[in-house]
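The values are calculated or read from the model by the stated rules, or taken from the named source; none is laboratory data. Owing to the predicted nature of the structure, the values given are computational and were not obtained by experimental measurement. Counting neighbours? That spans all protein chains shown, and the Cβs are built from the backbone with ideal geometry, glycine included.
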Amino acid sequence: MSDNGLDFLQKKTIRVLTAGQVLSGFGLGSTLSIGSLLAAHLSGSPSWAGSAATFSTLGAATWAIPLARLAFARGRRVSLATGAALAITGASLVITAAAVQIFPLLLLALFLLGAGSAVGLQARFAATDLPSSRSTGRDLSVVVWATTFGAVIGPNMFGPGEIVGHALGLPSMTGPFLFTIISQIAATSVFWFGLRPDPLLVAKQLNAAKIKGKTSFATAIATLKRYPKAAFAISAIALSHMVMVSVMSMTPIHMKGMGFDLVVVGFTISLHIAGMYAFSPVFGWLSDKLGRVQTVILGQLIYVTALAIAGFGQDDRTMVTIGLFLLGLGWSASTVGGAALLTATLPVEEKTNVQGLSDSLMNLSGAFGGAVAGSILAGFMFLGLNLAALIPVFLIVIFAGITRLRKTA
(Lines give C-alpha, C1' and ligand atoms only; values in the text may rest on other atoms or scores of the structure.)
Protein backbone atom coordinates (compact mmCIF):
# COMPACT_ATOMS: atom_id res chain seq x y z
CA MET A 1 0.00 0.00 0.00
CA SER A 2 1.32 3.48 -0.92
CA ASP A 3 2.00 6.23 1.61
CA ASN A 4 -1.05 8.13 0.37
CA GLY A 5 -3.17 5.00 0.76
CA LEU A 6 -1.90 4.50 4.32
CA ASP A 7 -2.64 8.12 5.23
CA PHE A 8 -6.16 7.80 3.82
CA LEU A 9 -6.76 4.57 5.75
CA GLN A 10 -5.35 6.13 8.92
CA LYS A 11 -7.74 9.09 8.67
CA LYS A 12 -10.67 6.73 8.07
CA THR A 13 -9.61 4.56 11.01
CA ILE A 14 -9.48 7.58 13.32
CA ARG A 15 -12.97 8.65 12.20
CA VAL A 16 -14.42 5.17 12.85
CA LEU A 17 -12.71 4.82 16.23
CA THR A 18 -13.87 8.30 17.17
CA ALA A 19 -17.50 7.49 16.32
CA GLY A 20 -17.33 4.22 18.25
CA GLN A 21 -15.84 5.93 21.29
CA VAL A 22 -18.52 8.62 21.27
CA LEU A 23 -21.20 5.94 21.43
CA SER A 24 -19.52 3.57 23.88
CA GLY A 25 -18.72 6.46 26.24
CA PHE A 26 -22.33 6.65 27.38
CA GLY A 27 -21.80 3.57 29.56
CA LEU A 28 -18.81 4.82 31.54
CA GLY A 29 -20.58 6.90 34.15
CA SER A 30 -23.22 4.28 34.87
CA THR A 31 -20.67 1.53 35.42
CA LEU A 32 -18.76 3.05 38.32
CA SER A 33 -21.16 5.64 39.75
CA ILE A 34 -24.58 3.97 39.71
CA GLY A 35 -22.84 0.61 40.05
CA SER A 36 -21.37 1.64 43.42
CA LEU A 37 -24.79 2.74 44.67
CA LEU A 38 -26.38 -0.51 43.51
CA ALA A 39 -23.63 -2.53 45.18
CA ALA A 40 -24.19 -0.74 48.47
CA HIS A 41 -27.95 -1.26 48.18
CA LEU A 42 -27.96 -4.95 47.22
CA SER A 43 -25.23 -5.91 49.67
CA GLY A 44 -26.76 -3.92 52.52
CA SER A 45 -23.43 -2.29 53.42
CA PRO A 46 -21.65 0.84 52.10
CA SER A 47 -18.36 -1.02 52.62
CA TRP A 48 -19.23 -3.06 49.51
CA ALA A 49 -19.72 0.04 47.37
CA GLY A 50 -16.17 -0.26 46.09
CA SER A 51 -16.92 -3.72 44.74
CA ALA A 52 -18.55 -2.10 41.69
CA ALA A 53 -15.26 -0.52 40.67
CA THR A 54 -13.39 -3.66 41.69
CA PHE A 55 -15.37 -6.07 39.54
CA SER A 56 -15.82 -3.77 36.54
CA THR A 57 -12.11 -2.99 36.42
CA LEU A 58 -11.26 -6.62 37.20
CA GLY A 59 -13.44 -7.54 34.22
CA ALA A 60 -11.64 -5.01 32.05
CA ALA A 61 -8.31 -6.46 33.21
CA THR A 62 -9.41 -10.02 32.54
CA TRP A 63 -10.79 -9.29 29.09
CA ALA A 64 -7.90 -7.04 27.99
CA ILE A 65 -5.41 -9.80 27.16
CA PRO A 66 -7.88 -12.18 25.41
CA LEU A 67 -9.21 -9.25 23.37
CA ALA A 68 -5.64 -8.21 22.51
CA ARG A 69 -4.87 -11.76 21.36
CA LEU A 70 -8.11 -11.81 19.37
CA ALA A 71 -7.06 -8.53 17.75
CA PHE A 72 -3.66 -9.97 16.85
CA ALA A 73 -5.26 -13.07 15.32
CA ARG A 74 -8.43 -11.65 13.74
CA GLY A 75 -7.95 -7.87 13.70
CA ARG A 76 -9.24 -4.89 15.68
CA ARG A 77 -12.71 -5.09 14.06
CA VAL A 78 -13.51 -8.49 15.54
CA SER A 79 -11.89 -7.72 18.88
CA LEU A 80 -13.62 -4.38 19.50
CA ALA A 81 -17.03 -5.68 18.40
CA THR A 82 -16.67 -8.74 20.64
CA GLY A 83 -15.80 -6.63 23.67
CA ALA A 84 -18.78 -4.35 23.07
CA ALA A 85 -21.06 -7.40 22.81
CA LEU A 86 -19.82 -8.64 26.21
CA ALA A 87 -20.60 -5.21 27.68
CA ILE A 88 -24.18 -5.46 26.36
CA THR A 89 -24.60 -8.76 28.18
CA GLY A 90 -23.23 -7.21 31.37
CA ALA A 91 -25.56 -4.20 31.27
CA SER A 92 -28.55 -6.51 30.77
CA LEU A 93 -27.51 -8.59 33.78
CA VAL A 94 -27.22 -5.46 35.96
CA ILE A 95 -30.93 -4.86 35.45
CA THR A 96 -31.67 -8.54 36.12
CA ALA A 97 -29.59 -8.57 39.32
CA ALA A 98 -31.44 -5.55 40.70
CA ALA A 99 -34.77 -7.13 39.82
CA VAL A 100 -34.06 -10.41 41.62
CA GLN A 101 -32.02 -8.71 44.39
CA ILE A 102 -29.00 -11.01 44.01
CA PHE A 103 -25.73 -9.26 44.85
CA PRO A 104 -23.34 -11.89 43.37
CA LEU A 105 -25.21 -11.63 40.04
CA LEU A 106 -24.57 -7.88 40.07
CA LEU A 107 -20.85 -8.54 40.52
CA LEU A 108 -20.88 -10.93 37.54
CA ALA A 109 -22.74 -8.31 35.50
CA LEU A 110 -20.17 -5.62 36.33
CA PHE A 111 -17.39 -8.07 35.49
CA LEU A 112 -18.85 -8.54 31.98
CA LEU A 113 -19.54 -4.84 31.65
CA GLY A 114 -15.84 -4.24 32.23
CA ALA A 115 -15.25 -5.50 28.69
CA GLY A 116 -16.62 -2.15 27.51
CA SER A 117 -13.76 -0.38 29.27
CA ALA A 118 -11.29 -2.83 27.71
CA VAL A 119 -12.69 -1.88 24.30
CA GLY A 120 -12.20 1.81 24.97
CA LEU A 121 -8.61 1.25 26.05
CA GLN A 122 -7.80 -0.93 23.06
CA ALA A 123 -9.35 1.60 20.68
CA ARG A 124 -6.77 4.23 21.62
CA PHE A 125 -3.96 1.85 20.68
CA ALA A 126 -5.79 0.92 17.45
CA ALA A 127 -5.28 4.54 16.43
CA THR A 128 -1.53 3.88 16.24
CA ASP A 129 -1.49 0.52 14.41
CA LEU A 130 -0.66 1.92 10.99
CA PRO A 131 2.65 3.56 10.12
CA SER A 132 1.79 7.20 9.48
CA SER A 133 3.36 10.62 9.05
CA ARG A 134 0.88 11.93 11.65
CA SER A 135 1.97 12.34 15.29
CA THR A 136 1.39 9.31 17.50
CA GLY A 137 0.33 11.31 20.55
CA ARG A 138 -2.15 13.35 18.53
CA ASP A 139 -3.94 10.39 16.94
CA LEU A 140 -4.09 8.48 20.20
CA SER A 141 -5.40 11.48 22.15
CA VAL A 142 -8.08 12.27 19.55
CA VAL A 143 -9.61 8.81 20.07
CA VAL A 144 -9.42 9.28 23.86
CA TRP A 145 -11.02 12.72 23.47
CA ALA A 146 -13.92 11.26 21.49
CA THR A 147 -15.12 9.52 24.64
CA THR A 148 -15.91 12.96 26.09
CA PHE A 149 -19.31 13.36 24.47
CA GLY A 150 -20.93 10.17 25.69
CA ALA A 151 -19.01 9.99 28.95
CA VAL A 152 -19.94 13.53 30.02
CA ILE A 153 -23.56 13.25 28.92
CA GLY A 154 -23.92 9.74 30.38
CA PRO A 155 -23.89 10.64 34.12
CA ASN A 156 -26.39 13.45 33.45
CA MET A 157 -28.75 10.81 32.06
CA PHE A 158 -29.15 9.35 35.56
CA GLY A 159 -32.34 11.37 36.08
CA PRO A 160 -33.89 10.71 32.64
CA GLY A 161 -32.78 7.09 32.89
CA GLU A 162 -34.66 6.71 36.15
CA ILE A 163 -37.77 8.22 34.56
CA VAL A 164 -37.60 5.81 31.62
CA GLY A 165 -36.82 2.89 33.91
CA HIS A 166 -39.74 3.72 36.19
CA ALA A 167 -42.07 3.97 33.18
CA LEU A 168 -40.95 0.49 32.07
CA GLY A 169 -41.24 -0.97 35.54
CA LEU A 170 -37.49 -1.49 36.03
CA PRO A 171 -35.88 -1.63 39.50
CA SER A 172 -34.61 1.59 41.04
CA MET A 173 -31.30 2.95 39.66
CA THR A 174 -31.23 0.57 36.66
CA GLY A 175 -32.83 2.84 34.07
CA PRO A 176 -29.51 4.41 32.99
CA PHE A 177 -28.25 0.96 31.96
CA LEU A 178 -30.83 0.92 29.17
CA PHE A 179 -28.84 3.74 27.59
CA THR A 180 -25.68 1.69 28.09
CA ILE A 181 -27.20 -1.23 26.16
CA ILE A 182 -28.35 0.98 23.29
CA SER A 183 -25.03 2.82 23.02
CA GLN A 184 -23.00 -0.39 23.08
CA ILE A 185 -25.14 -1.93 20.33
CA ALA A 186 -24.49 1.16 18.22
CA ALA A 187 -20.74 1.05 18.99
CA THR A 188 -20.58 -2.63 18.04
CA SER A 189 -22.12 -1.84 14.66
CA VAL A 190 -19.69 1.03 14.03
CA PHE A 191 -16.62 -1.09 14.79
CA TRP A 192 -17.87 -4.12 12.86
CA PHE A 193 -18.82 -2.33 9.66
CA GLY A 194 -16.43 0.64 9.81
CA LEU A 195 -13.01 -0.95 10.34
CA ARG A 196 -12.65 -2.33 6.82
CA PRO A 197 -9.88 -2.83 5.90
CA ASP A 198 -8.73 -3.62 9.40
CA PRO A 199 -5.79 -1.37 10.42
CA LEU A 200 -4.02 -4.01 12.48
CA LEU A 201 -4.26 -6.66 9.76
CA VAL A 202 -2.89 -4.16 7.25
CA ALA A 203 -0.01 -3.33 9.61
CA LYS A 204 0.71 -7.05 10.02
CA GLN A 205 0.83 -7.51 6.25
CA LEU A 206 3.28 -4.63 5.93
CA ASN A 207 5.51 -6.13 8.62
CA ALA A 208 4.97 -9.83 7.93
CA ALA A 209 8.68 -10.55 8.03
CA LYS A 210 9.03 -9.12 11.54
CA ILE A 211 5.91 -10.48 13.20
CA LYS A 212 6.69 -14.01 14.26
CA GLY A 213 6.00 -16.26 17.20
CA LYS A 214 3.05 -16.08 19.54
CA THR A 215 1.61 -13.55 21.94
CA SER A 216 1.81 -14.44 25.63
CA PHE A 217 2.31 -13.00 29.08
CA ALA A 218 5.87 -14.34 29.22
CA THR A 219 6.90 -12.73 25.93
CA ALA A 220 5.36 -9.42 27.04
CA ILE A 221 7.40 -9.46 30.26
CA ALA A 222 10.55 -10.30 28.28
CA THR A 223 9.86 -7.33 26.02
CA LEU A 224 9.52 -4.98 29.00
CA LYS A 225 12.90 -6.11 30.32
CA ARG A 226 14.47 -5.01 27.04
CA TYR A 227 12.64 -1.66 27.00
CA PRO A 228 12.79 0.09 30.42
CA LYS A 229 10.84 3.09 29.14
CA ALA A 230 7.97 0.80 28.18
CA ALA A 231 8.07 -0.73 31.67
CA PHE A 232 7.87 2.76 33.19
CA ALA A 233 4.99 3.63 30.88
CA ILE A 234 2.99 0.58 32.00
CA SER A 235 3.71 1.31 35.67
CA ALA A 236 2.67 4.95 35.30
CA ILE A 237 -0.56 4.07 33.50
CA ALA A 238 -1.50 1.39 36.05
CA LEU A 239 -0.76 3.42 39.18
CA SER A 240 -2.42 6.55 37.76
CA HIS A 241 -5.56 4.55 37.06
CA MET A 242 -5.49 3.21 40.63
CA VAL A 243 -5.50 6.77 41.97
CA MET A 244 -8.43 7.81 39.78
CA VAL A 245 -10.64 4.76 40.37
CA SER A 246 -10.16 4.70 44.15
CA VAL A 247 -11.28 8.31 44.62
CA MET A 248 -13.83 8.58 41.82
CA SER A 249 -15.68 5.38 42.73
CA MET A 250 -16.20 6.54 46.33
CA THR A 251 -17.28 10.08 45.49
CA PRO A 252 -20.97 9.15 44.86
CA ILE A 253 -21.10 7.45 48.28
CA HIS A 254 -19.47 10.45 49.96
CA MET A 255 -21.78 12.92 48.22
CA LYS A 256 -24.88 10.86 48.98
CA GLY A 257 -23.81 10.95 52.63
CA MET A 258 -23.65 14.73 52.30
CA GLY A 259 -27.32 14.67 51.29
CA PHE A 260 -27.10 15.20 47.52
CA ASP A 261 -29.37 13.41 45.04
CA LEU A 262 -28.44 11.49 41.88
CA VAL A 263 -28.74 14.56 39.65
CA VAL A 264 -26.10 16.47 41.64
CA VAL A 265 -23.88 13.38 41.87
CA GLY A 266 -24.25 12.83 38.12
CA PHE A 267 -23.25 16.43 37.38
CA THR A 268 -20.12 16.11 39.53
CA ILE A 269 -19.12 12.85 37.87
CA SER A 270 -19.74 14.34 34.42
CA LEU A 271 -17.31 17.18 35.18
CA HIS A 272 -14.79 14.61 36.38
CA ILE A 273 -15.16 12.63 33.15
CA ALA A 274 -14.86 15.85 31.15
CA GLY A 275 -11.49 16.33 32.83
CA MET A 276 -10.54 12.76 31.88
CA TYR A 277 -11.28 13.08 28.16
CA ALA A 278 -12.02 16.61 26.95
CA PHE A 279 -8.44 17.89 27.23
CA SER A 280 -6.68 14.75 26.00
CA PRO A 281 -5.68 16.41 22.66
CA VAL A 282 -3.81 19.03 24.69
CA PHE A 283 -1.86 16.33 26.49
CA GLY A 284 -1.36 14.47 23.20
CA TRP A 285 0.19 17.63 21.75
CA LEU A 286 2.32 18.09 24.88
CA SER A 287 3.55 14.49 24.70
CA ASP A 288 4.68 15.08 21.10
CA LYS A 289 6.24 18.49 21.79
CA LEU A 290 7.27 18.61 25.46
CA GLY A 291 8.00 14.92 25.96
CA ARG A 292 6.04 11.84 27.00
CA VAL A 293 7.70 11.29 30.38
CA GLN A 294 7.34 14.99 31.16
CA THR A 295 3.61 14.77 30.40
CA VAL A 296 3.25 11.85 32.82
CA ILE A 297 5.01 13.87 35.54
CA LEU A 298 2.70 16.82 34.82
CA GLY A 299 -0.20 14.46 35.46
CA GLN A 300 1.21 13.61 38.89
CA LEU A 301 1.50 17.29 39.81
CA ILE A 302 -2.14 17.77 38.86
CA TYR A 303 -3.03 14.72 40.98
CA VAL A 304 -1.39 16.22 44.06
CA THR A 305 -3.42 19.41 43.62
CA ALA A 306 -6.64 17.48 43.02
CA LEU A 307 -6.28 15.21 46.03
CA ALA A 308 -5.45 18.12 48.32
CA ILE A 309 -8.47 20.15 47.19
CA ALA A 310 -10.97 17.26 47.32
CA GLY A 311 -9.59 15.86 50.57
CA PHE A 312 -9.25 18.99 52.67
CA GLY A 313 -12.46 20.37 51.14
CA GLN A 314 -14.41 17.16 51.80
CA ASP A 315 -17.34 19.00 53.43
CA ASP A 316 -17.74 21.52 50.61
CA ARG A 317 -19.54 20.41 47.42
CA THR A 318 -17.69 22.99 45.29
CA MET A 319 -14.27 21.88 46.53
CA VAL A 320 -15.11 18.22 45.96
CA THR A 321 -16.30 19.02 42.44
CA ILE A 322 -13.16 21.01 41.61
CA GLY A 323 -11.00 18.25 43.04
CA LEU A 324 -12.80 15.60 40.97
CA PHE A 325 -12.40 17.66 37.79
CA LEU A 326 -8.66 18.01 38.41
CA LEU A 327 -8.48 14.30 39.23
CA GLY A 328 -9.79 13.59 35.73
CA LEU A 329 -7.31 16.04 34.26
CA GLY A 330 -4.40 14.34 36.02
CA TRP A 331 -5.59 10.95 34.75
CA SER A 332 -5.72 12.29 31.20
CA ALA A 333 -2.17 13.65 31.27
CA SER A 334 -0.81 10.49 32.88
CA THR A 335 -2.51 7.94 30.62
CA VAL A 336 -2.15 9.83 27.34
CA GLY A 337 1.52 10.50 28.03
CA GLY A 338 2.07 6.91 29.22
CA ALA A 339 0.25 5.32 26.27
CA ALA A 340 2.12 7.50 23.77
CA LEU A 341 5.42 6.56 25.43
CA LEU A 342 4.54 2.86 25.31
CA THR A 343 3.56 3.01 21.64
CA ALA A 344 6.61 5.04 20.61
CA THR A 345 9.06 2.84 22.53
CA LEU A 346 8.07 -0.60 21.23
CA PRO A 347 8.78 -2.10 17.79
CA VAL A 348 5.72 -2.94 15.71
CA GLU A 349 5.99 -6.70 16.26
CA GLU A 350 5.81 -6.29 20.05
CA LYS A 351 3.09 -3.67 20.38
CA THR A 352 -0.18 -5.61 20.50
CA ASN A 353 1.06 -8.14 23.03
CA VAL A 354 2.44 -5.54 25.46
CA GLN A 355 -0.53 -3.21 24.97
CA GLY A 356 -2.84 -6.00 26.12
CA LEU A 357 -0.68 -6.54 29.20
CA SER A 358 -0.73 -2.79 29.86
CA ASP A 359 -4.52 -2.61 29.74
CA SER A 360 -4.79 -5.67 31.98
CA LEU A 361 -2.40 -4.31 34.62
CA MET A 362 -4.09 -0.91 34.42
CA ASN A 363 -7.44 -2.40 35.28
CA LEU A 364 -6.08 -4.77 37.91
CA SER A 365 -4.60 -1.73 39.63
CA GLY A 366 -7.96 0.00 39.36
CA ALA A 367 -9.67 -3.07 40.81
CA PHE A 368 -7.30 -3.02 43.77
CA GLY A 369 -7.92 0.69 44.27
CA GLY A 370 -11.66 0.18 44.20
CA ALA A 371 -11.41 -2.79 46.57
CA VAL A 372 -9.56 -0.92 49.32
CA ALA A 373 -11.25 2.46 48.77
CA GLY A 374 -14.49 1.50 50.54
CA SER A 375 -12.69 0.39 53.69
CA ILE A 376 -10.46 3.48 53.70
CA LEU A 377 -13.49 5.74 53.26
CA ALA A 378 -15.33 4.00 56.09
CA GLY A 379 -12.35 4.19 58.43
CA PHE A 380 -10.68 7.49 57.55
CA MET A 381 -13.35 9.50 55.70
CA PHE A 382 -12.92 11.14 52.32
CA LEU A 383 -9.83 13.06 53.44
CA GLY A 384 -8.06 9.85 54.42
CA LEU A 385 -8.89 8.28 51.06
CA ASN A 386 -7.41 11.23 49.16
CA LEU A 387 -4.25 11.24 51.27
CA ALA A 388 -3.82 7.49 50.76
CA ALA A 389 -4.12 8.04 47.00
CA LEU A 390 -0.94 10.13 47.12
CA ILE A 391 1.13 6.97 47.66
CA PRO A 392 0.89 5.73 44.01
CA VAL A 393 1.59 9.29 42.84
CA PHE A 394 4.90 9.38 44.70
CA LEU A 395 5.79 5.90 43.40
CA ILE A 396 5.37 7.09 39.79
CA VAL A 397 7.71 10.03 40.39
CA ILE A 398 10.29 7.69 41.96
CA PHE A 399 10.01 5.24 39.01
CA ALA A 400 10.51 8.15 36.59
CA GLY A 401 13.73 9.08 38.36
CA ILE A 402 14.98 5.49 38.31
CA THR A 403 14.21 5.18 34.59
CA ARG A 404 16.07 8.41 33.91
CA LEU A 405 19.12 7.18 35.87
CA ARG A 406 19.14 3.91 33.90
CA LYS A 407 19.17 5.90 30.67
CA THR A 408 22.16 7.98 31.74
CA ALA A 409 24.06 5.07 33.32
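What the table below lists for this structure:
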quantity: Some residue of the range 336-355 being surrounded by fewer than 21 Cβ atoms within 10 Å (Cβ to Cβ), small (Gly, Ala, Ser) and part of a helix (DSSP H, G or I); calculated: yes
quantity: Contacts under 6 angstrom Cβ, first residue in the range 305-324 being touching a residue at least 12 places away in the same chain (Cβ under 8 Å) and under 15 Å from Gly384 (Cβ atoms), partner of a type in the set (Val, Ile, Thr) and crowded, with 22+ Cβ neighbours inside 10 Å, 6 or more apart; calculated: Ala310/Val320; Gly323/Ile309
quantity: Single condition Glu162 does not satisfy, out of (1) within 30 Å of Gln10 (Cα to Cα); (2) touching a Gly at 6+ places or on another chain (Cβ under 7 Å); (3) modelled with pLDDT under 80; calculated: (1)
quantity: Count of residues meeting criterion [closer than 17 Å to Leu93 by Cβ and either assigned to a helix (DSSP H, G or I) or touching a residue at least 60 places away in the same chain (Cβ under 8 Å) (or both)] in the range 165-187; calculated: 16
quantity: Residue within the range 93-110 that is within 17 Å of the chain's Cα centre (by Cα) and crowded, with 21+ Cβ neighbours inside 10 Å present; calculated: yes
quantity: Test: residue in the range 188-196 that is of a type in the set (S, T, N, Q), buried (at least 22 other Cβ atoms within 10 Å of the Cβ) and under 20 Å from Leu329 (Cβ atoms); calculated: no
quantity: Search result, residues across the range 358-381 that are crowded, with 22+ Cβ neighbours inside 10 Å and either at pLDDT 90 or above or under 22 Å from Thr345 (Cα atoms) (or both); calculated: Ser358, Asp359, Ser360, Met362, Asn363
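This table checks each residue for (1) farther than 23 Å from Phe55 by Cα; (2) in a loop (DSSP other than H, G, I, E, B); (3) under 22 Å from the mean Cα position of the chain (by Cα); (4) of a type outside the set (Phe, Trp, Tyr).
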| residue | (1), (2), (3), (4) |
| --- | --- |
| Gln314 | yes, yes, no, yes |
| Phe325 | yes, no, yes, no |
| Trp331 | no, no, yes, no |
| Asp359 | no, no, yes, yes |
| Ala371 | no, no, yes, yes |
| Leu387 | yes, no, no, yes |
| Ile391 | no, no, yes, yes |
| Leu395 | yes, no, yes, yes |
